[in-house]
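The values are calculated or read from the model by the stated rules, or taken from the named source; none is laboratory data. Treat the numbers as computed from the prediction; the structure is a model and nothing was measured. Cβ sites come from the backbone with ideal geometry, for glycine too, and all protein chains shown count toward neighbours.
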Amino acid sequence: MPLRLALVSLHTSPNDDPGTGDVGGMNVAVRHTALALAELGHEIDVLTRRSSTAGPDACEVAPGVTLRQLSAGPAERRVKGDHEEYIEAFRAAMADLGPYDLIHSHHWFSGMAAVEIARSRGIPHVQSYHSIAAALSTPLSEGERPESPGRLAGEAALAAASDAIITVSDAERSTVIDRLGAEPQRVVTVYPGVDANQFAPDSRSDAATVSPGYIVAAARLEPLKGLDLAIETLAGSRDPELRLVVSGGPTTGHDDYPAELEQLARDRSVADRVEFIGPQGRDALAALLRGARTVLVPSHSETFGLIALEAQSCGVPVLAADAGGLREAIADGETGVLVPARDPARWAAELDALLADSQRARVLGEAGRTRALQFTWRRTAEQTAAVYERVLAGGLA
């Protein structure tokens, strides 16, 4: 049955390319899920806060998918944490939209704005978090903002109030159940997908615009992504010619972090072998990944780690932190290597072992491609739609 759906992404537009500001894997997931749901016959409104004066209030991004920019707060980019104060205004801006059969909120800001709209209309509300507040006992990285009391309370309230919760990994599912108290039967894991045609291990002429012999770390430049460990890993490698290409821009509120990474590279005497190329469009990122010898994902935590899946789809082995959803994004020892510690010497040793064994790297890369082909956005959309249909039919038992 075709549905009229609202996918809510309050603080960041799914139409933006990831790698800068607060644009990351969630944006990719919301956009591609919306497109794939539309291909299944559903009609989608993607709702986001207007963060600039550019663009119309509504535009069709694909047949069946309309992006709507809602006025809530100033039409400018703001630090992610500031969006808590725009929840009520965003809710008011949503009031006259629709009608919808179901609202699916992405991130807690979105959920707190949308759940009351859903309740008032008597329609289901589905919640996806994509990231969850750290436990109060978790030490903060330098420059990292503490979690707001509103977020801690809001995430738990949404776990209780939503008709279903869709998580991107079983690791996130466990956190939602154990930390937020959600009923297990209402929490369903649906893995994200990858565009295997775009992220492909071929010999296209659009090879990366950097010279060969490099490894890649692609992420927003913020402490959570652990890019300092990528630089330390390069510094500890035995290969004096190896270069690290860092793709991404600073997260809003972490404008000084790139300079800190550059200083670390100078301190470790590898500044001439670390190249910061800024955020890349999707095609450019795919070209960068497919040309790399390996991709590093040294994040402190990831609910899934979409970049790891994209690297595997390009046939490139991944060296990643043994944390959170990365354990599901990567098949350890089969498509990449999960490193259980944040010891730079251990990371450097694992990297050198991988780079020294071209046969092993090739086998890992080929297995990664095979694995990635299982993660299609159509499958994501079909499984997401199945959750919607179960909720509309009476709920998750």
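Pairs, please: C-beta under 7 Å, at least 6 apart or cross-chain, first residue over 13 Å from I307 (Cα atoms) and in segment 326-343, second part of a helix (DSSP H, G or I) and acidic (D, E)?
Short answer, once both residue conditions are applied: V337/E350; V339/E350.
I277: of a type in the set (A, V, I, L, M) and within 19 Å of the chain's Cα centre (by Cα), yes or no?
Spelling it out, it is not the case that I277 is of a type in the set (A, V, I, L, M) and within 19 Å of the chain's Cα centre (by Cα).
Which ones in segment 30-51 are farther than 19 Å from Q127 by Cα and not in a loop (DSSP other than H, G, I, E, B)? Give the derivation first.
Initially, segment 30-51 is screened for residues farther than 19 Å from Q127 by Cα, giving 38-41, 50-51.
Within segment 30-51, A38, E39 meet the criteria.
Across segment 250-283, what is the number of residues that are among the hydrophobic types (A, V, I, L, M, F, W, C) and without any contact (Cβ under 8 Å) to a residue 12 or more places away in the chain?
From segment 250-283, those among the hydrophobic types (A, V, I, L, M, F, W, C) are 259, 261, 264-265, 270-271, 274, 276-277; that's our starting set.
Subsequent filtering for residues that are without any contact (Cβ under 8 Å) to a residue 12 or more places away in the chain retains 259, 271.
Adding up the residues that qualify gives 2.
State all residues of segment 150-164 that are within 21 Å of I123 (Cβ to Cβ) and surrounded by 18 or more Cβ atoms within 10 Å (Cβ to Cβ); if no residue qualifies, say none.
G154, L158, A159, S162, D163, A164
Of the residues R371, R378, R346, R362, only one is closer than 30 Å to A6 by Cβ and surrounded by fewer than 20 Cβ atoms within 10 Å (Cβ to Cβ); which?
R378
State whether one or more residues within segment 63-86 are among the aliphatic types (A, V, I, L, M), closer than 23 Å to V126 by Cβ and at pLDDT 95 or above.
Looking only at segment 63-86, we keep the residues that are among the aliphatic types (A, V, I, L, M), and these are 65, 67, 70, 72, 75, 79.
Adding the requirement that they be closer than 23 Å to V126 by Cβ leaves 65, 67, 70, 72.
Restricting the remaining residues to those that are at pLDDT 95 or above gives 65, 67.
The answer is yes; a qualifying residue exists.
What number of residues in segment 296-331 are of a type in the set (V, I, T) and under 17 Å from D202 (Cβ atoms)?
Final tally of qualifying residues: 1.
Can you tell which of A92, A54 is assigned to a helix (DSSP H, G or I), farther than 17 Å from R4 by Cα and free of Cβ contacts under 8 Å to residues at least 24 places away in the same chain?
Working: A54 fails: assigned to a helix (DSSP H, G or I).
Among A92, A54, only A92 is assigned to a helix (DSSP H, G or I), farther than 17 Å from R4 by Cα and free of Cβ contacts under 8 Å to residues at least 24 places away in the same chain.
Looking at (1) in contact with a Phe, Trp or Tyr (Cβ under 9 Å, 6 or more places away or on another chain); (2) at pLDDT below 85, which is the only condition A171 fails?
(2)
Hey, does segment 234-246 have a residue that's in contact (Cβ under 8 Å) with a residue 12 or more places away in the chain, assigned to a loop (DSSP other than H, G, I, E, B) and among the β-branched types (V, I, T)?
No, that holds for no residue.
Residue under question is E43, and the condition is that it be over 28 Å from L285 (Cβ atoms), among the acidic types (D, E) and out of contact with any Phe, Trp or Tyr (no Cβ under 8 Å at 6 or more places or on another chain); does it hold?
The answer is yes for E43.
Give just the number: which of (1) out of contact with any Leu (no Cβ under 8 Å at 6 or more places or on another chain); (2) modelled with pLDDT of 95 or more; (3) farther than 18 Å from E275 by Cβ does D206 not satisfy?
Going through (1) out of contact with any Leu (no Cβ under 8 Å at 6 or more places or on another chain); (2) modelled with pLDDT of 95 or more; (3) farther than 18 Å from E275 by Cβ one by one, D206 breaks only (2).
When segment 322-338 is examined, which residues are found to be among the hydrophobic types (A, V, I, L, M, F, W, C) and buried (at least 24 other Cβ atoms within 10 Å of the Cβ)?
L326, A329, I330 - these are the residues of segment 322-338 that are among the hydrophobic types (A, V, I, L, M, F, W, C) and buried (at least 24 other Cβ atoms within 10 Å of the Cβ).
Please work out if V194 is in a loop (DSSP other than H, G, I, E, B) and closer than 19 Å to Q312 by Cβ.
Working: in a loop (DSSP other than H, G, I, E, B): yes; closer than 19 Å to Q312 by Cβ: yes.
Yes, satisfied.
What is the number of the single condition among (1) of a type in the set (D, E, K, R); (2) surrounded by 22 or more Cβ atoms within 10 Å (Cβ to Cβ); (3) within 30 Å of E43 (Cβ to Cβ) that E389 does not meet?
The failed condition is (2).
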